[in-house]
1. Determine the distance separating the Cα centre of segment A:14-56 from the Cα centre of segment B:96-160; give it in Å without decimals.
2. What do you get for Rg/Rh over chain B if you use C-alpha atoms and the Kirkwood form of Rh?
3. Which distance in nm do the two modelled labels at A:Arg181 and B:Thr129 give, with both placed 7 Å along the Cα-to-Cβ direction?
4. Just checking the output field for A:56-66: average partner chain Cβ neighbours within 10 Å of each residue's Cβ?
5. Considering amide H positions built from the backbone, and no H for Pro or chain starts, which residues 5 or more places from B:Ile20, or on another chain, come under 5 Å of its amide H?
6. Across the Cα atoms of the protein assembly as shown, what radius of gyration and what greatest pairwise Cα-Cα distance (Dmax) are found, in Å?
7. Taking just the alpha carbons, could you work out the radius of gyration and Dmax for segment A:32-188, both in angstroms?
8. Using r as the Cβ-Cβ distance of B:Gln106 and B:Glu13, and R0 as 22 Å, what FRET efficiency do you calculate, to the nearest 0.05?
Amino acid sequence: MTMTLREALEVLAAHRGQRIVITTMSPIAPWRELSDTPLDFAYIPSAMGQAPALGLGLALARPERGAIVVNGDGCMLMNLGSLVSIAHNPANLYLLIIDNGHYEVTGGQPTAGAGHADFAGLAHAAGIQRVYSFDNVQTWRTGAAEALSGTGPVAIWLKVEAKMGQKTPSPPQPMGEQIARLREALRT
Amino acid sequence: MLDGPSVVAALKECGVTDVIWIPDSELGMWEPALSSNAELRLIRVCREGEAIAVAAGLLLGGRRPVVAIQCTGLFEAGDTLRNVVHDMKLPLFMIVGLRSYYAYQQKKTSDTCPVFAEPIVRAWQIPYTIFDRGHTASDLSQVYRQAQAENRAAIVCLAE
């Protein structure tokens, strides 16, 4: 049994609690179908590879809330050093690395890490103590509660099926509106 | 002249909560003052683009961060700078070391950093001020307060 992106996100939706969820690239559209609250932040337009750092800042600012970053493998490869920064600055940050081995939104080209980059190993070697790997939806359903509970940082490597023909994501709302509603939610 | 204790005092007085940095040899001299102050959190990261993105998250979360890096890192961090300042429109405040600035003025260096630093900051359309040896921590406070009052980004370029 394997796992689709949609299935992976459905499990996350069931366990995200009241945490901020930052999505990037391919997960943006399916996540919005599952959750569209002020605590859901679609990071688009984005800076390439910087969602984990953005999430780290939010998690450091709001430790009682915590942040979940849904990052792609291509985005992760652009900023592997952020794993070290996350380990060095402990915060309630839960980093999901959605690994399909491809740049889906640019036409499905393979990433440089496709098939051999061990994201769990990289996260652990960077100093993140709590690291989980799931390559099918059954084990992710079973393990999500543990992985997404307790204190961060946590890295979760999810291997999912690649889905070709994806469109470049578009912002669900203008960035200014997203920021305003997130800030308002964080004030309460 | 800016030194670690005076910079820390100025930042605290301005209500700055966090300094995210990758030091160069000049900024690095502030390390003892920055790392020993309990009220100012020092956040160490691996690349300058990351520093800017962490600052963005802190700003979204209600903190008042300052990023301190060298101009070489600013060159690397362009995409993040563009996103945070122009897409997200956050009031990012940065202190950027201008490597070889004085040597370049005296035509005593082949370092290309001074050739590109100012044009690149101008290209990113971020208001900046060059601080030389005559500037003080009080000047730093003033630039920070003005940028915050106008809810805009600003860069203090520290001549080195």
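We did not get these values from a lab; they are worked out from the coordinates using the rules stated. Treat the numbers as computed from the prediction; the structure is a model and nothing was measured. Quick reminder, even Gly has a Cβ in these numbers, built from the backbone with ideal geometry, and neighbours come from all protein chains shown.
1. Centre-to-centre (Cα) distance: 34 Å.
2. Numbers: Rg = 14.5 Å, Rh = 15.5 Å.
Result: Rg/Rh = 0.93.
3. Going by the 7 Å Cα→Cβ label model, 3.8 nm.
4. Values: counts 8, 17, 9, 4, 11, 11, 6, 1, 0, 1, 0.
The per-residue average across the peptide is 6.
5. Excluding prolines and chain starts, which carry no amide H, the hits are B:Ile43, B:Val66, B:Val67, B:Ala68.
6. 20.6, 68
7. Over segment A:32-188's Cα set, Rg and Dmax evaluate to 15.4, 44 Å.
8. Numbers: r = 35 Å, r/R0 = 1.57.
The pair B:Gln106/B:Glu13 has a calculated efficiency of 0.05.
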